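Q: I'd like to ask you about the structure that follows.
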Amino acid sequence: MNWFDLQVISYLNDFARHSWLFDKAMNLLAGNIMFKGGLIIPVLWWLWFRRDPSGREKEYLLSILMVSFLSIMVARLLALTLPFRLRPLHNPALNFTLPFGTRSSSLEGWSAFPSDHAALFFTLATGIFLLSRRAGIYAFLHAILVISFPRVYLGLHNATDIFGGAAIGILMGCLVHLGRLRQLASSRLLQWESSCPGLFYACFLIISYQMICMFDPLRMLGSESLMMVKHLIKETIFTAWAK
């Protein structure tokens, strides 16, 4: 662990188990989806239904959704390909004091760098900021105080894990400034909204829910499906060998 991360974790961990209420509040912010996506996705819907005769804001919002999904993919790909990094609460060298309500097995086996939470919510904050300064400031404060700080305090991430995810998120969020990208991402979808609004908004709702949940239902479905396929292959090979 580098000097900076060590200093941040050591300082914050001195406050652990001093207040049951504070520790539980940090766990609630880090674990409850209403405090994560539930506080920021409604801002996208508000921006969507603001009066915008030019349709420019909808182009931006659809592009934001696209790059937000890509930012999570990039963060997860980096986490899987870069050298494995222990989370502070799993690092025996730190003698980390678990805050009240924190499980020692949380996210065990998952590499800490970079933070996919930071990648997603800083992407959203950057994109929102490009559309509305006030809403963007709110989104950045949410990404810092509600998403990032509790995860460092609870030992789920080092500070540089958050910085890495935030850098990915901000860079990806800036991509919506590219007019060609916005056109590619939104032209057909906006035509779909005009021709079939019912189906479009049903899909928009599902995507919004997945973002609130950090795509956990989809990731779980993918993981379970992969496990079932592996089991089926093993079963088929065993049956063929037995015959």
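The values are calculated or read from the model by the stated rules, or taken from the named source; none is laboratory data. What you are looking at is a predicted structure, and each value in this text was computed from that prediction instead of being measured. FYI the Cβ positions are ideal-geometry reconstructions off the backbone, even for glycines, and counts take in every protein chain you see. Ligands, DNA and RNA are stripped out before the accessible areas are found, and what is left, the full protein with its side chains, is counted by its heavy atoms. Shrake-Rupley method; radii C 1.70, N 1.55, O 1.52, S 1.80 Å.
Q: Are there any pairs, at least 6 apart or on different chains, whose C-beta atoms fall under 6 Å, with the first in segment 103-130 and under 16 Å from L141 (Cβ atoms) and in a helix (DSSP H, G or I) and the second open to solvent by less than 10 Å² (accessible area, probe 1.4 Å) and among the acidic types (D, E), and if so, which?
A: The qualifying pairs do not exist here.
Q: Given the options L156, L181, name the one that is open to solvent by 30 Å² or more (accessible area, probe 1.4 Å) and either outside any loop (DSSP other than H, G, I, E, B) or closer than 30 Å to D14 by Cα (or both). Explain how you work it out, then say what you get.
A: Values: L156 fails: open to solvent by 30 Å² or more (accessible area, probe 1.4 Å).
Only one candidate passes the filter, namely L181.
Q: Shifting gears a bit: Mind listing whichever residues of segment 49-68 are outside any loop (DSSP other than H, G, I, E, B) and either surrounded by fewer than 16 Cβ atoms within 10 Å (Cβ to Cβ) or of a type in the set (D, E, K, R) (or both)?
A: Matches in segment 49-68: R56, E57, K58, E59.
Q: Which condition breaks for Y138 when tested against (1) open to solvent by 60 Å² or more (accessible area, probe 1.4 Å); (2) among the aromatic types (F, W, Y); (3) free of Cβ contacts under 8 Å to residues at least 60 places away in the same chain?
A: All conditions pass for Y138, except number (3).
Q: Still on this structure, please answer the following. Among the residues of segment 93-102, are any out of contact with any helix residue (DSSP H, G or I) (no Cβ under 9 Å at 6 or more places or on another chain), in contact (Cβ under 8 Å) with a residue 24 or more places away in the chain, farther than 25 Å from F140 by Cβ and open to solvent by 70 Å² or more (accessible area, probe 1.4 Å)?
A: yes
Q: So, in segment 8-22, of the ones that are of a type in the set (A, V, I, L, M, F, W, C) and loosely packed, with under 13 Cβ neighbours inside 10 Å, which residue ends up farthest from C203 (Cα to Cα)?
A: The qualifying residue farthest from C203 (Cα to Cα) is W20.
Q: While we're on this one: Go through (1) at pLDDT 90 or above; (2) closer than 17 Å to S148 by Cβ for L107 and report which single condition fails.
A: (1)
Q: Here are some residues: F121, F129, F149. Which one is open to solvent by 10 Å² or more (accessible area, probe 1.4 Å), within 19 Å of L44 (Cβ to Cβ) and of a type outside the set (V, I, T)?
A: From the options F121, F129, F149, the qualifying one is F129.
Q: While we're looking at this one, here's another question. Take the residues in segment 76-89 that are buried (at least 19 other Cβ atoms within 10 Å of the Cβ) and not in a loop (DSSP other than H, G, I, E, B); name whichever of them is nearest to the chain's Cα centre (by Cα).
A: A79
Q: Does segment 23-42 hold any residues that are closer than 25 Å to A125 by Cβ, open to solvent by 20 Å² or more (accessible area, probe 1.4 Å) and in a helix (DSSP H, G or I), and which are they?
A: Passing the criteria: A25, N27, L28, L29, G31, L39, P42.
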